[in-house]
Structures are given as C-alpha cells and as structure tokens.
Amino acid sequence: MQIIHNFPLMAALISMIAAQVIKVPLNLIWSKNWDVARAFSTGGMPSSHSAAVTSLTAAIGISEGLDSSTFAVAAVLSAITMYDAAGVRRHAGLHASFLNRLVRSTPSLLKDHGSTGTELKELLGHRPIEVLAGAFFGIAASIVIYFTLYA
C-alpha cells in the first residue's frame, strides 16, 4: 500500500475525480438539470483532464522542486493536454454537432450506408475557460491535499 504515499499520483487522481464529481452540481446551478451522468462524461466545467495534469505538475513541483527534470516533463505534458482539450477535442465536438444537425435535417444521408442512426457525441472538448478553471482547480487541489495529508 505504499502507492497511497505517492503524493503526486494521489493528488492527480483525487483532483481528476473531484473535478468530474463537481460537474454535477455546477450543471444543476447553470442549467437547472440534475444529471449524474455528467460525472462520467467528457467535456464540461471544469476540465478534469486539466485538473489532473496541473495537479500532478504542482505536486511534483511541491515534492521535488520546480527545477527538477520531472517537473519539466509534467509541465510540458500539462501544456500539451490542455491545448488538446481546448483545441483538437473541442473542434471534433463542434464537427460532431454540425454532422448531427446535417443528418437530422437530411435523414437520407444515412440511407444505404449501414449506419444505425446513432448520433455522434458532441461534448468532447472544452472551452478555454473550462480548461483554465480545471487548471486552477488542479493546482489548488494539490496545495490543499499536500497541507492536509502529506505535510
């Protein structure tokens, strides 16, 4: 059970899970819709991907120092992950939304192509504000977890 003493790993996992869970009450506040499935879906506020990688990076910075090679690797990984969440994955979701509307307005597009008519998942990526919120959430979570459990 030594793995629970791995502060960077635990911080990243706790941050990711907490960011996913917090999506449910935030969705209730903003859309007046209680949807537990939001805790198990991609996209939304805050980005759990951003929370996980920034929490990992912050925890490594706290435990190994900001001048460590491990911190540098984690920081670059965080930047790539957040760029992907707000860039490629977000645009893939926008394309899915467009294709779903196109197929709904022209059902014959699916005819003779063996499609089941299942809509594409639209909520894949994040708006930049969701990525930023996830990043701040992850960093704050690491600080709180460190001083609560590991200091």
**Request:** For region 94-100, take each phi angle, set θ = phi - 60°, evaluate the Karplus expression 6.51 cos²θ - 1.76 cosθ + 1.60, and give the result in whole Hz per residue in order, putting x for glycine and proline.
**Result:** 5, 5, 4, 4, 4, 5, 4
**Message:** Using a Gaussian network model on the chain with a 10 Å cutoff between Cα atoms, which of Glu64, Glu119, Glu130 fluctuates the most?
**Reply:** Glu119
**Cα-based equivalent ellipsoid, region 16-93: semi-axes from gyration tensor eigenvalues, Å** = 28, 15, 7
**Message:** Report the gain in length on full extension from Val103 to Val76: 0.36 nm times residue separation, minus Cα-Cα distance, nm rounded to one decimal.
**Reply:** 5.8 nm
**Asked** How much length is gained on full extension from Lys32 to Leu149, taking 0.36 nm per residue of separation minus their Cα-Cα distance?
**Response** 38.6 nm
**Message:** Per-residue counts of other Cβ atoms within 10 Å, averaged by peptide: what ranking do you get for 7-18, 94-105, highest first?
**Reply:** 7-18, 94-105
**Accessible heavy-atom area order of Ser63, Ser69, highest first, probe of 1.4 Å** = Ser69, Ser63
**Asked** In deg cm²/dmol and to the nearest 500, what is the mean residue ellipticity at 222 nm of the chain if only DSSP H runs of at least 4 residues count, each as -39500 (n - 2.57), divided by the residue total?
**Response** -22000 deg cm²/dmol
**Asked** How big is D for the chain, in µm² s⁻¹ as a whole number, if Stokes-Einstein is applied with the Kirkwood radius of its Cα pairs at 4 °C and 1.567 mPa s?
**Response** 77
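The values are calculated or read from the model by the stated rules, or taken from the named source; none is laboratory data. Please read these numbers as outputs of a predicted model, since none were measured by experiment. Please note: Cβ atoms are built from the backbone with ideal geometry, for glycine as well, and neighbour counts cover all protein chains shown. Only protein heavy atoms, including side chains, enter the accessible area calculation; ligands, DNA and RNA are left aside. Shrake-Rupley method; radii C 1.70, N 1.55, O 1.52, S 1.80 Å.
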